[in-house]
1. Which condition number in (1) touching a helix residue (DSSP H, G or I) at 6+ places or on another chain (Cβ under 6 Å); (2) in contact (Cβ under 8 Å) with a residue 60 or more places away in the chain is the one that A111 fails?
2. So which residues in the stretch 76-102 are surrounded by fewer than 20 Cβ atoms within 10 Å (Cβ to Cβ) and under 13 Å from V133 (Cβ atoms), if there are any at all?
3. Among the residues of the stretch 178-200, is any of a type in the set (S, T, N, Q), surrounded by 14 or more Cβ atoms within 10 Å (Cβ to Cβ) and not in a loop (DSSP other than H, G, I, E, B)?
4. Could you check E171 against (1) assigned to a helix (DSSP H, G or I); (2) among the acidic types (D, E); (3) open to solvent by 30 Å² or more (accessible area, probe 1.4 Å); (4) more than 24 Å from F14 (Cβ to Cβ) and say which number it fails?
5. Kindly indicate which of L147, L69, L115 is closer than 18 Å to L17 by Cα and surrounded by 14 or more Cβ atoms within 10 Å (Cβ to Cβ).
6. Given the conditions (1) open to solvent by 40 Å² or more (accessible area, probe 1.4 Å); (2) assigned to a helix (DSSP H, G or I); (3) touching a residue at least 60 places away in the same chain (Cβ under 8 Å), and given that G231 satisfies all but one, which numbered condition is not satisfied?
7. Just a yes or no: is a residue in the stretch 45-67 modelled with pLDDT of 80 or more and touching a Pro at 6+ places or on another chain (Cβ under 8 Å)?
Amino acid sequence: MQEIEREKESPHLFIQLLGVPASGKTTCAKYLGERLGFQVLEEYPVSETPLFDKYYTDPDKWAFPIQILFLFESWRQVAGGASLGIEGVKEKLKMGSVISEPTIWQNAFYAQARLEGNPKELSWYQDFFNGLVRSDSFPKPDVLIYLKVSFPNMLRGIKERAQRDLTRKTELQESEGYWRRLWGLHEEWVNENPLGLKIITLDMDRFDFSSYNSDGEALEAAFGELKQRSGGLIK
């Protein structure tokens with residue numbers, strides 16, 4: 001775990017959230033955006049693409065195309081620009097600080113978990129991924145907040161989310177082995193920190209909403225720890 005001990009060259013801060021499915025990324029991004037006065041870049045709504053349901057009808061056929069689509073949409077949200085038809089992180093940072101829910105590096109975890117049974121397709125995906133994120137102009141976050149949850153709480157969160165949002169119900173068809181592999185890939189990447197990012201890990205099991213009087217109280221407790229451990233970067 002790395003604490004933040006450096007001065008910023010720019011007055012605008014770029015924060016990204018990383019976490020397994022149902023770890024609270026969307027809720028935390030909205031809360032932090034309001035609390036800090038940051039612009040919020042929400043995650044690409046994967047369940048809205050037609051390929052989302054097609055994958056569950058024929059995983060072998062659609063696993064690779066759906067991962068490429070998700071990767072492109074995540075890249076488009078970060079890179080942005082007139083030619084891409086969307087205002088991305090680079091444009092938003094010109095106007096102020098940004099908190100971003102989508103983390104493009106996270107896409108590779110999903111692809112690996114899904115495509116490991118097909119080495120050729122996984123290799124194609126990795127080549128495409130490396131080509132997209134290799135650019136020197138691709139923005140990296142000033143701090144990455146990892147919302148860590150235990151594997152049992154991840155499964156519980158996925159089931160509860162599917163009950164609230166019927167568009168995610170198909171996720172209940174995934175095997176426990178897939179979810180466990182995906183959970184493990186997040187843990188491995190954060191522990192290795194291959195990009196040398198500034199990472200703050202928040203143990204979200206400690207801030208489970210059911211353990212507090214309200215969601216706001218749980219979020220405020222998590223925010224307090226985040227501020228304390230940010231070295232003054234987050235205020």
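The values are calculated or read from the model by the stated rules, or taken from the named source; none is laboratory data. These numbers come from a predicted model, not from an experiment. All Cβ positions, glycine included, derive from the backbone under ideal geometry; neighbour counts span all protein chains shown. Each accessible area value is taken on the protein alone, full model and side chains, heavy atoms only, with ligands, DNA and RNA left out. Shrake-Rupley method; radii C 1.70, N 1.55, O 1.52, S 1.80 Å.
1. Single failed check for A111: (2).
2. R76
3. no
4. The single condition E171 does not satisfy is (3).
5. Result of the check over L147, L69, L115: L147.
6. (2)
7. No, the conditions are met nowhere in the stretch 45-67.
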